Amino acid sequence: MFEVLRNKLTGVLNRLGNKGRLTEKEIDEALREIRRALLEADVNYKVARTFINSIKQKVNDDEILSSIAAGQHIIKVTNDELIATLGGDNYSLNVGVKKPSVILVVGLNGSGKTTTCGKLANKFVRDGEVTSLIAADVHRPAAIEQLKIMGEQAGANVIDYGNNHSAVYVAENGIEMSKRSQSDWTIVDTAGRFQIDEELMTELEDIKTAVSPDEVLLVVDAMTGQEAVNVAQEFHSRIGITGLVLTKMDGDARGGAALSITSVTGIPVKFIGVGEKIDGLDIFYPDRIASRILGMGDVVSLVEKAQSTFDEEQILKLESKIKNSQFDLEDFLEQIRSLKKMGPMNQILEMIPGFAGKKNNLASGEIDDAQFAKSEAIICSMTPDERRRPQQIGGSRRRRIAKGSGTSAQDVNQLLNQFKQINNLMKEMASPKGNKRLMKMMEQRGTNPFQF
Ligand code: GDP
Ligand code: MG
């Protein structure tokens, strides 16, 4: 997410951050580079201009030019400005006075409406809320089937009347039905078009009147850049939108849509789609996204993800194993599997402070999903005894393991070395001396988020 923009911005800011006093010329040049980076990321030119002017003003207001930490100051100002541009606060969904709260999901064809309906339902059900999905896209028979599949995965109730009725009929009756099933949330999936047309807008207006939604979410494809911003403006002027969902943020969207859409339309982004699967939906937090764009990671999201993936018992067990130097390949395998559950490796690395900038170096294959799959295969080809005491694995066994896992002896060696290194590191960290060193490292990092 935001890879190119992040690389450019961290490049400029890193240079500034390492300097003390700055001349006006240096600042101007840096701001010009930031502006160029924004435009290259397809940020709306007016938004980019406001962004730069606002930084300029704050920098001058603060009279920081002569300060010894001028660079650090600009980083902070840029971060604040980025958060403001992304919408400032995080907005939660509007909840109705009476149950169910109704969400109407609208957007163009292929933007990800049906997928988003399924993902939202999944979120609600996981929070223990009864959720109904209404299949009001009656124009494509496959759409109903798709919603049913996602609804089933999510554990939600899917209401459909086939495609012999009008969308308004389905929506109206669906709401009644979901009331009877005592739903907390009712999500209405609708049809899209390839372009905005009169027929679609009229249908959506009618559905809106029929279901009186508490929330109207417009789903837009982040890959379409500035076009997403235009679409949002048009939908908003006709239908009235209360929140945005930017999908396909896991793809190579340059980020322009995310950075411009709220500033231009005034509508907050509430969620982002980060994958095709049912759990690929994140709440949109402007401050966390800003932090990722500036290469400062996103520890809060990382911890939340870890908490929802690893259970407490597992963590305690692991802790005690590390303390007692009992961490073996069996545990290593368990860790790999848990990490895999957290999502694609590139998305996780992005959240680790300092890692984001280094990710490109890792693309050579040190930590990626394919490498994980390989490690998993290698460990699975070992006997339980070998997993517990890997130091006993000699040359001929290494060859056998390589053959069994479809890898090379070199791969096996690499894994065993890696494991040894990790084990040493863990032992060191578990010692009082190591603990102190770690604390010191973190303190130092705190003073300059760009010093990796
Ligand atoms: P609809 O026509 O608006 O209902 O769009 P769909 O929900 O059918 O989605 C269109 C395509 O986009 C499908 O192949 C989805 O799997 C894919 N998709 C939706 N959201 C995301 C996302 O956040 N990331 C990725 N990678 N794919 C997505
Ligand atoms: Mg659909």
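Provide the gained length on full extension for the span Arg399 to Glu304, in nm with one decimal, where the gain is 0.36 nm per separating residue minus the Cα-Cα distance.
Result: 30.2 nm gained on full extension.
Within the accessible area of the chain, what % is carbon and sulfur when the probe is 1.4 Å and the other protein chains stay in place?
Its accessible area is 50 percent carbon and sulfur atoms.
Using the beta-carbon distance between Tyr45 and Arg193 and R0 = 35 Å, what value does 1/(1 + (r/R0)^6) give for FRET efficiency, to the nearest 0.05? Numbers along the way, then the final one.
Numbers: r = 28 Å, r/R0 = 0.81.
Working from the Cβ atoms, E equals 0.80.
Listed highest first by mean packing, meaning other Cβ atoms within 10 Å per residue, what order do 249-262, 112-125 come in?
112-125, 249-262
What order, most packed first, do the peptides 133-140, 224-231, 32-39 have when packing is the mean number of other Cβ atoms within 10 Å of each residue?
133-140, 224-231, 32-39
Obtain the nm distance between the two label points defined at Ser320 and Gln233 by a simple spin-label model: each point lies 7 Å from its Cα along the Cα-to-C-beta direction.
6.2
Which far-off residues, 5 or more places away or on another chain, put their amide H under 5 Å from the one on Ile134, with H placed in the peptide plane?
Correct list: Ile159, Ile187, Val188, Asp189.
Summing +1 for each Lys or Arg and -1 for each Asp or Glu, what net charge is found among the other residues whose Cβ lies under 14 Å from the Cβ of Leu120?
Here the charged neighbours net out to -2.
So between Tyr169 and Ser181, what do we pick up on full extension, going 0.36 nm a residue minus the alpha carbon distance?
Going from the current span to full extension adds 2.5 nm.
May I ask you to give the solvent-accessible area per residue for the range 101-292, in square angstrom, as obtained with a 1.4 angstrom probe? Before the final figure, lay out the partial values.
Working: 7410 Å² over 192 residues.
With all protein chains present, the range 101-292 gives 39 Å² per residue.
Structure shown: which of Lys25/Lys76; Lys123/Lys179; Lys46/Lys208; Lys98/Lys119; Lys148/Lys374 lie over 28 Å apart, alpha-carbon to alpha-carbon?
Flagged as over cut-off: Lys46/Lys208; Lys148/Lys374.
With a 10 Å radius around each residue's Cβ, average the other Cβ atoms per peptide and rank 93-99, 344-350, highest first. Write out the running numbers ahead of the final one.
Working: 93-99: 13.0, 344-350: 17.7.
Ranking the peptides 93-99, 344-350 by packing returns 344-350, 93-99.
Amide H neighbours of Asp250 under 5 Å, at least 5 residues apart or on other chains, H built in the peptide plane: list them.
Correct list: Gly275.
Pull out the extension gain between Arg15 and Lys427, defined as 0.36 nm times the separation in residues minus the alpha carbon to alpha carbon distance; nm, one decimal.
Working: separation 412, 0.36 × 412 = 148.32 nm, distance 3.61 nm.
Using 0.36 nm per residue and subtracting the Cα-Cα distance, I get 144.7 nm.
Summing -39500 (n - 2.57) over the DSSP H runs of n ≥ 4 in the chain and dividing by its residue number, what mean residue ellipticity at 222 nm do you reach, to the nearest 500 deg cm²/dmol?
So the calculated ellipticity at 222 nm is -18500 deg cm²/dmol.
Decide, for the chain, between rounded, prolate and oblate: order the square roots of the alpha carbon gyration tensor eigenvalues as a ≥ b ≥ c, take rounded if a/c falls under 1.5, and otherwise choose prolate if a/b is larger than b/c, else oblate.
In terms of gyration-tensor shape, oblate.
When the dipole is taken about the Cα centre of the chain, and only Lys, Arg (+1) and Asp, Glu (-1) are charged at their Cβ, what size is it in debye, to the nearest 20?
In debye, rounded to 20, the chain gives about 2260.
If r is the Cβ-Cβ distance from Asn53 to Asn94 and R0 is 30 Å, what FRET efficiency results, to the nearest 0.05?
E between Asn53 and Asn94, to the nearest 0.05, is 0.35.
At 1.306 mPa s and 10 °C, plugging the Kirkwood radius over alpha-carbon pairs of the range 3-85 into Stokes-Einstein gives what diffusion coefficient in µm²/s?
Values: Rh = 12.6 Å.
Translational diffusion coefficient: 126 µm²/s.
Just going by the charge dipole of the range 3-85, with Lys and Arg at +1 and Asp and Glu at -1 on Cβ, which of Val77, Asn7, Gly20 is farthest out on the positive end?
Positive-most Cα among the choices belongs to Asn7.
Please name which of Gly243, Ser178, Leu86 has its Cα lying farthest along the dipole of the chain towards the positive end, using unit charges on Cβ (Lys, Arg +1; Asp, Glu -1) and the Cα centre as origin.
Leu86
The values are calculated or read from the model by the stated rules, or taken from the named source; none is laboratory data. Given the structure is predicted, the values throughout are model-derived calculations rather than measurements. All Cβ positions, even for glycine, are placed from backbone atoms using ideal geometry, and neighbour counts span all protein chains on display. The protein model used for the area step is the full one, side chains on, heavy atoms only, and it has no ligands, DNA or RNA in it. Shrake-Rupley method; radii C 1.70, N 1.55, O 1.52, S 1.80 Å.
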